[in-house]
Amino acid sequence: MISPVQPWVAQITGLGEKLSAETLRAWQLEQVRKTIKYAKNNSVFYQQRLRDVSESVIESMSDMQHIPFSYPEDIVREGKSFVCVPQREISRITTLSTSGSLGNPKRIYFTENDLERTVDFFVHGMSTMVSAGQAVLILMSSRTENSIGDLLQKGLRRIGVSAEIHGNVKDVPAALKAARRFNCLVGIPAEIMRLCREDESLRPESVLLSADYVPESVIQGIKETWHCKVFTHYGMTETGFGGGVQCEAGLEYHLRDADLLVEIVDFNTGLPVPPGQYGEVVLTTLRNEAMPLIRYRTGDIARMNDSPCPCGGILPRLDKVMGRRANMIFLESGMYLSIHELDEIMFAISGLKDYRAKLMGGKELNLTVEADRELDEKNLTQKLPPCLEIKIEYAQVGPMEFTGKRRMQVLP
């Protein structure tokens, strides 16, 4: 079945049967021009940042290079100056903790229309994995109005699917008990994997993994244990939560092209890289009212695939996101280690339920591991950079305080 995201893009853009990679790009560039004009007229930040940019010069993707980047630290420092609407029109402000800039948070603003577009995307993205009469358990988010859980619940209701917001997995037995009543589970990769390792008898029809890097070892572990379909989603609060979702082919992300323009650029030069080459994901929101983001550097590592999808989709898609560059920790030897690389290795270990990692002095990796059996330390050591000294402690690992992406604790 072709991804339902593609006909949704055709409908929203008005391109209909004329939809192609070329016609979509032309439509997106027109939206970029409108977004630049809107932002310059209504945002204090963009009045300054784009003062030397004329939207009229944006005629092709190569012209995007004339537009300066925006950065997460810009939002930390000047978040309110991004906003383009009066305070009375703001329906939600989401606060995100950060590790840099003295830990000051990022605040992302949304109007009711911004949130409605997210709900609409969820309607079509979720219809790949559930249908009317089924039920979804949302093992993340909160129940507050306009949270990601609430928006997902609203979207599912429109296609006749009931949903319950359980929240992040803090009590494993309670989550497993609840999960037995649902056809589809939505949650964070490490937390869903924990449930999978605790109860191999659970049989959801589908699982959607979101909100963090998704290790291939987690996808395969869930598929093999629960015998279900596993889908993954890419997005961030800055995109209005939704960004792209896999189809039944289980490959790249079908993108929210009616709301986002995605570029991949070289990390060092900022110049575009061709499809198939890895670089940094750069996003431009195309219809945001409250807080448009123009050429926003996400720090995420990915590449584009412009070949046809096995599902029949014809639009370029975002390939598996390989984590965030900021999470690559350079070691004394000149090699590096990331929590994403470590997750891939650790969750491939049979019987491992969860773990925490602490890197000491750039050379000692302390692992606190909860598992059914002791790990093969020699085999584990061979998979990690040889400069690391591995120390393993076996103990119960409690729920992680989930305030963002999984991180490795780094100490001098």
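Numbers for the structure displayed
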item: Per-selection Rg to Rh, region 256-394 - Cα, Kirkwood hydrodynamic radius; result: 1.08
item: Residue exposure sequence - MET61, MET304 - by fewest surrounding Cβ within 10 Å; result: MET61, MET304
item: Taking the chain and dividing mean pair separation by its residue count, relative contact order in percent (alpha carbons under 8 Å, at least six apart); result: 14 percent
item: If the convex hull is drawn through the Cα atoms of region 129-234, its volume per residue in Å³; result: 87 Å³
item: Segment SER60-ASN104, length gained on full extension (0.36 nm per residue, minus Cα span); result: 12.2 nm
item: Extreme residue, positive dipole direction of the chain, given options GLY133, THR284, SER147 (C-beta unit charges); result: SER147
item: Cα-projected label distance for ALA395 with LEU251, points at 7 Å along beta-carbon direction, nm; result: 4.6 nm
item: FRET efficiency, 1/(1 + (r/R0)^6) with R0 25 Å, evaluated for GLU116 and MET1 via beta carbons; result: 0.45
item: Cα gyration tensor of region 211-250 - equivalent ellipsoid semi-axes, whole Å, descending; result: 22, 11, 7
item: Tilt relative to the chain, helix 216-226 - C-alpha long axis, 0 to 90 degrees, to 10; result: 70 degrees
item: Separation of alpha-carbon centers, region 362-412 and region 189-246, rounded to whole Å; result: 22 Å
item: Exposed chymotrypsin sites (Phe, Trp or Tyr not before Pro) absent: longest stretch of the chain, with sites in DSSP loops and at most 16 other Cβ within 10 Å deemed exposed; result: 70-266
item: Antiparallel %, DSSP beta bridges [both residues in region 326-411], to 5; result: 55 percent
item: Additional length obtainable on full extension of the chain from ASN41 to ALA178, 0.36 nm per residue less Cα span; result: 44.4 nm
item: When each of LYS37/LYS154; LYS170/LYS223; LYS40/LYS320 is checked by Cα-Cα distance, pairs over 25 Å; result: LYS37/LYS154; LYS40/LYS320
item: Between region 312-344 and region 1-59, the alpha-carbon center distance in angstrom; result: 28 Å
item: Nearest 10 degrees, 0 to 90: helix 112-126 Cα axis against the chain principal axis; result: 50 degrees
item: Along principal axes, Cα extents of region 213-278, largest first, whole Å; result: 43, 24, 20
item: Contour excess over end-to-end distance, with Cα ends at ASP52 and GLU17 and 0.36 nm allotted per residue; result: 8.8 nm
item: Placed amide H near LYS353: partners under 5 Å, 5+ positions off or other chain; result: GLU370, ALA371, ASP372
item: Percent of beta bridges antiparallel (DSSP, the chain, rounded to nearest 5); result: 60 percent
item: Globularity ratio of region 326-411, using Cα Rg and 2.2 N^0.38 Å; result: 1.04
item: Angle between the chain longest axis and helix 72-82 axis [Cα atoms, degrees, rounded to 10]; result: 40 degrees
item: Rounded FRET efficiency, nearest 0.05, which uses the C-beta distance separating ARG77 from ARG25 and R0 of 35 Å; result: 0.60
item: Relative intensity, log₁₀ I(q)/I(0), of region 68-174 from a Debye sum that treats every alpha carbon as a point, q = 0.12, 0.18 Å⁻¹; result: -0.55, -0.98
item: Label-to-label distance, nm, for residues given as ASP376 and SER333 (7 Å Cα→Cβ offset); result: 2.0 nm
item: Computed over region 129-234: relative contact order in percent, which uses C-alpha pairs under 8 Å that are six or more apart; result: 25 percent
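Computed from the coordinates by the stated procedures, all read-outs in this text should not be read as laboratory data. Everything numeric here is computed off the predicted structure, so don't read it as measured data. Cβ: placed from backbone, ideal geometry, glycine included. Neighbour counts: every protein chain shown.
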